[in-house]
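What follows is a set of notes on a single structure, which appears directly below.
Just so you know, all these numbers are worked out from the coordinates, no wet-lab data involved. No experiment lies behind these values; they were computed from the predicted model shown. Cβ placement follows ideal geometry from the backbone for every residue including glycine, while neighbour counts extend to all protein chains displayed.
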């Protein structure tokens, strides 16, 4: 069957969005920086608008680079405000991303009113239409979003494999990574740049707001099940990939948003993981309470 078949295109695109988000999001969740995904996802609108003003292009590598740079700018400004010790991380995030998002909206409304570039598309997307925008490769029509996300997944995977040691050490002990000369700061910014680029690749499909759920929820669910990093990443990507077909069929059944239901399906996995963790902890404490007390020495 051709890859341009609507159902196949939607399912594969949804799975790719989830897997790319979960791969990079696992490190954010472990670092306790999940809200950075929200900040980056909103701030990329500013980068997209600036890239269009400078180049006139509304898609392609230029947009991805522009969005990646705006994501890095958002993180830099957040850290700059945090280092003043007058604001906490959450307050700094709450100041920076609305400012950059508002600037992007203003630029679009002032300079790009007649261009197919609007904040509603960036925020919400529509995965049900990805099969209409195709490219012909080797005689086969492939949805543009699916091809772009495949490339981003490959790039993200190569980055994680190449710098896995640094990412792992910086996630749990950034000071030690710095002492060992592994440049955790540079890797951290490269990680967030890739996250920004992935968010741009995803906004045509599910929008950056729903992309946040794929970045945060599957890793959070996996974290409740396993404490090993490799297992956590693999399980998070599996949860994200499984959420695509489940969400699609539920959306068709209920006649609701496909992307929204895919994102909601990740919440179902989180609930199952939470219940499993509570049940396991309950059994552990119960078994400990039933153990006979140690014999007292004479």
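A few remarks follow.
- Relative contact order, percent, the range 35-91 [alpha-carbon distance under 8 Å, six or more residues apart]: 37 percent
- 0 to 90° range, to nearest 10: angle between helix 61-83 axis and the chain longest Cα axis: 50 degrees
- Per-residue Cβ neighbour rank within 10 angstrom, fewest leading, 89, 281: 281, 89
- Angle of helix 184-203 to the longest C-alpha principal axis of the chain, folded into 0 to 90 degrees and rounded to 10: 50°.
- Nearest-ten-degree value, helix 144-162 long axis tilted from longest Cα axis of the chain: 40 degrees
- For the listed peptides 63-70, 241-248, 18-25, 165-172, a ranking on the average number of other beta carbons within 10 Å per residue, highest first, reads 18-25, 63-70, 241-248, 165-172.
- Taking the chain and dividing mean pair separation by its residue count, relative contact order in percent (alpha carbons under 8 Å, at least six apart): 29 percent
- Summary of packing: across the peptides 74-84, 27-37, the per-residue average of other C-beta atoms within 10 Å ranks them, highest first, as 27-37, 74-84.
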